[in-house]
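The values are calculated or read from the model by the stated rules, or taken from the named source; none is laboratory data. Since the model is a prediction, treat every value here as computed from it, not as a measurement. Here the Cβ positions follow ideal geometry from the backbone for every residue, glycine too, while neighbour counts run over all protein chains shown.
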Amino acid sequence: MGTWGIRPFDNDSATQFHDSLQPLPDRVRHAAVREMLSLTDRDDLLDSYEMVIAAAALVAVHCPGGQALDIGLGHPVGLPDTLADDLRPRAAASLTAVLDVHPDHFGWIDKTVCEQWRAGLTHLRTVVLGKPPPDQPTTRVSLTVPPPPPSVSAPHSR
């Protein structure tokens with residue numbers, strides 16, 4: 001399995017979870033997302049956190065302000081809005097549970113990237129809770145890591 005970025009669907013597990021939802025009828029899809037958001041045991045959460053985050057992101061894109069999120073998928077599977085509203089408290093609780101786990105458990109090597117990933121999760125939780133920032137952008141918000149600045153050689157001391 002691989003991870004190539006910090007957005008909710010920038011990993012194989014989340015993408016496979018999304019793909020498994022596509023052929024399902026709305027009610028079954030809703031139940032699958034609800035089940036993923038119901039993982040509260042720490043070990044289960046650590047084993048499936050990428051899919052839990054993906055499920056929360058699928059709910060978030062249906063929330064006010066969520067349409068502007070760049071979650072790593074061009075066209076995520078839909079959830080009927082009434083069903084997505086029902087899942088908002090679970091999505092917020094799931095994101096909180098992930099954020100409550102010490103960052104070292106998730107395998108991020110670069111501390112800055114880990115902080116950006118956590119900031120993205122915090123933003124997702126804010127959207128799910130219905131508290132978008134007052135200056136909500138109208139364009140898509142990218143949760144990707146910006147490219148590193150060009151290297152600058154340090155002056156040599158003699």
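Per the listing Gly120, Gly130, the residue uniquely of a type in the set (Gly, Ala, Ser), in contact with a Cys (Cβ under 8 Å, 6 or more places away or on another chain) and either at pLDDT 95 or above or over 17 Å from Ser48 (Cβ atoms) (or both) is Gly130.
Give me the helices (runs of 4 or more DSSP H) completely within segment 6-102, filtered to those with at least 2 residues that are within 17 Å of Val128 (Cα to Cα), in contact with a helix residue (DSSP H, G or I) (Cβ under 7 Å, 6 or more places away or on another chain) and among the polar types (S, T, N, Q), ordered by residue number. Even if it seems obvious, please write down each step before you answer.
Numbers: elements: 12-21, 26-37, 42-60, 81-100.
In segment 6-102, the matching helices (runs of 4 or more DSSP H) lie at 81-100.
Whether any residue in segment 37-45 is surrounded by 16 or more Cβ atoms within 10 Å (Cβ to Cβ) and over 19 Å from Val127 (Cα atoms) is what I want to check. Taking every residue of segment 37-45 in turn, at least one turns out to be surrounded by 16 or more Cβ atoms within 10 Å (Cβ to Cβ) and over 19 Å from Val127 (Cα atoms).
Residue-wise test of (1) at pLDDT 90 or above; (2) surrounded by 14 or more Cβ atoms within 10 Å (Cβ to Cβ); (3) in contact with an Asp or Glu (Cβ under 6 Å, 6 or more places away or on another chain).
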position	(1), (2), (3)
Gly78	no, yes, no
Ala92	yes, yes, no
Gly107	no, no, no
Cys114	yes, yes, no
Thr138	no, no, no
Thr144	no, yes, no
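For the criterion of being surrounded by fewer than 16 Cβ atoms within 10 Å (Cβ to Cβ) and modelled with pLDDT under 95, Val101 passes. Tell me yes or no: at least one residue of segment 51-62 is modelled with pLDDT under 90 and out of contact with any Ser or Thr (no Cβ under 8 Å at 6 or more places or on another chain). Yes, segment 51-62 contains at least one residue that is modelled with pLDDT under 90 and out of contact with any Ser or Thr (no Cβ under 8 Å at 6 or more places or on another chain).
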